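Data block below; observations after.
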Amino acid sequence: MRNSLIKQGYFGIFIFILLCFFSMVYYPGGTIIESDTVGYLFFYNFLSNLGEWTAKNGESNFLSAYLFNVSMLVLALSYSIFYYKFLRILINKSESTLLQTLLILTISLSLIGFVFVAIFSSDPSTFSLHILFVKIGFYSLFIHCIIQAIFIQSIKLSSKILFISTLSFTLIMFLFVLMMEFGPNPFSDNRSLFIQVTSQKVIVTSILIYYFIQVREALKIGNSN
């Protein structure tokens with residue numbers, strides 16, 4: 001029972017994937033380059049397209065948008081609950097108030113950013129706000145990962161997997177930030193769109209894998225206390 005707040009992380013990941021899958025199934029069609037495509041094209045449609053209330057082909061996207069936006073909120077809530085418990089476990093092993101505060105601030109800012117990504121869709125009327133909160137979410141998460149790697153190293157956890165996975169995820173986040181800022185413009189042609197969409201799918205998959213590893217390692221650490 002004491003680990004239920006950590007274990008729910010598995011459920012959060014599962015629900016996110018499930019809702020995203022059905023959101024893709026019900027997406028009518030269209031990309032930012034070609035409005036006449038049919039259905040969701042995994043390597044040519046951003047996940048953000050799922051959250052738009054009007055699909056790129058002009059049809060209503062209510063069901064898909066509802067499912068995707070709920071999935072974002074579920075994942076953010078799940079991670080918030082998990083990290084609250086996870087940080088309480090780690091705090092017992094550290095006396096660095098500064099690092100603890102920075103961890104809380106950066107992950108809170110990141111999660112708030114992703115919640116607002118769901119609230120402000122990439123529809124034309126809210127596109128600028130959507131991009132702003134996407135950047136807030138990812139930049140804050142990147143900074144959080146750097147701080148978490150330093151924090152984990154400072155408390156010398158027995159779990160080397162957690163430290164290695166944090167370093168690996170931080171590197172992937174760094175590469176994604178570079179791609180987001182300096183990569184090809186996805187609005188220019190299909191090749192550029194493919195590169196940016198694939199990059200997004202890689203980072204989202206990495207986030208889910210890293211979350212899964214954190215849950216698993218947190219359970220091990222919690223049981224060893």
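Bear in mind that the values in this text are calculations on the coordinates, not laboratory data. The structure displayed is predicted, hence computed values, not measured ones. Methodologically, a virtual Cβ is constructed for each residue, glycine included, from the backbone with ideal geometry; neighbour enumeration extends over all protein chains shown.
Quick rundown of the values:
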{"read-out": "Label-point separation, D36 to L18 (7 Å along Cα→Cβ), nm", "value": "3.9"}
{"read-out": "The chain: relative contact order as a whole-number percent, Cα under 8 Å and 6+ apart", "value": "22"}
{"read-out": "Cross-link pairs K135/K220; K56/K201; K7/K201; K56/K135 - those with Cα-Cα distance over 28 Å", "value": "K135/K220"}
{"read-out": "Inter-label distance, nm, simple model (7 Å from Cα along the C-beta direction), Q153/S125", "value": "4.8"}
{"read-out": "The chain: calculated mean residue ellipticity at 222 nm from DSSP helix runs of at least 4, using -39500 (n - 2.57)", "value": "-26000 deg cm²/dmol"}
{"read-out": "Two-site FRET efficiency, L63 against N185, from Cβ-Cβ distance with R₀ of 35 Å, rounded to 0.05", "value": "0.70"}
{"read-out": "Inter-probe distance in nm under a simple model that places probes 7 Å from Cα toward Cβ, at K201 and R88", "value": "3.9"}
{"read-out": "Mean shadow area of the chain over all directions, Cα convex hull, nm²", "value": "11.8"}
{"read-out": "On Cα atoms only, tilt of 97-119 relative to the major axis of the chain in degrees", "value": "20"}
{"read-out": "Alpha-carbon gyration tensor eigenvalues x 5, square-rooted, for segment 172-213, Å", "value": "22, 11, 5"}
{"read-out": "Dipole magnitude (debye, nearest 20) for segment 1-118, charges at Cβ of Lys, Arg, Asp, Glu", "value": "740"}
{"read-out": "Förster-model FRET efficiency, 35 Å R0, V70 and E95, C-beta, rounded to 0.05", "value": "0.30"}
